1. Which residues, taken from the stretch 90-110, are free of Cβ contacts under 8 Å to residues at least 24 places away in the same chain and surrounded by 12 or more Cβ atoms within 10 Å (Cβ to Cβ)?
2. Out of the stretch 43-65, which residues are within 24 Å of the chain's Cα centre (by Cα) and either assigned to a strand (DSSP E or B) or at pLDDT 80 or above (or both)?
3. Looking only at the stretch 1-42, count how many residues are part of a loop (DSSP other than H, G, I, E, B) and of a type in the set (A, V, I, L, M, F, W, C).
4. Determine whether the stretch 76-86 contains at least one residue that is of a type in the set (Lys, Arg), touching a Leu at 6+ places or on another chain (Cβ under 8 Å) and surrounded by 11 or more Cβ atoms within 10 Å (Cβ to Cβ).
Amino acid sequence: MEKTSKEVIFNADTSKENSFNSFYVAITRGKEDVRVYTDSKENLKGQVKEGQIKTSTLDHDKEFQTDKLSHQINKIADEYSKASERVDEIGERLEQGDKSLTEKEILDATNNLKDAGEKFDNLGWEIER
């Protein structure tokens, strides 16, 4: 099948979508002459004004991965924030001489903060790969 011709006649019906890409392909097929017939010159100009952006499955996969990563970051940031607030609260209580705190409460709070920090570190490692 020959892709180019000596002459091309293109019927650009503006009741159907005409993208820049399809219009460009149609009019560049003619080696010597191109004729464009349309029901509305102004509508056709508007339709072919901007190029069509083509996406692939890979683009959607990147978008999905970005959304997933964003969700993970927000979740870990929330955990870290809560753990940090708890450690600050315990620190204030200790400064005030609160004797009701148990060693387990203090260790749990600091371990939760440490765990959240490690999750951030591990997430950073995954992003770098």
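The values are calculated or read from the model by the stated rules, or taken from the named source; none is laboratory data. Treat the numbers as computed from the prediction; the structure is a model and nothing was measured. Every residue, glycine among them, receives a Cβ derived from its backbone with ideal geometry; neighbour counts consider all protein chains shown.
1. Ile90, Gly91, Arg93, Leu94, Leu101, Glu105, Ile106, Asp108, Thr110
2. Matches in the stretch 43-65: none.
3. Number of matching residues: 1.
4. Within the stretch 76-86, one or more residues are of a type in the set (Lys, Arg), touching a Leu at 6+ places or on another chain (Cβ under 8 Å) and surrounded by 11 or more Cβ atoms within 10 Å (Cβ to Cβ).
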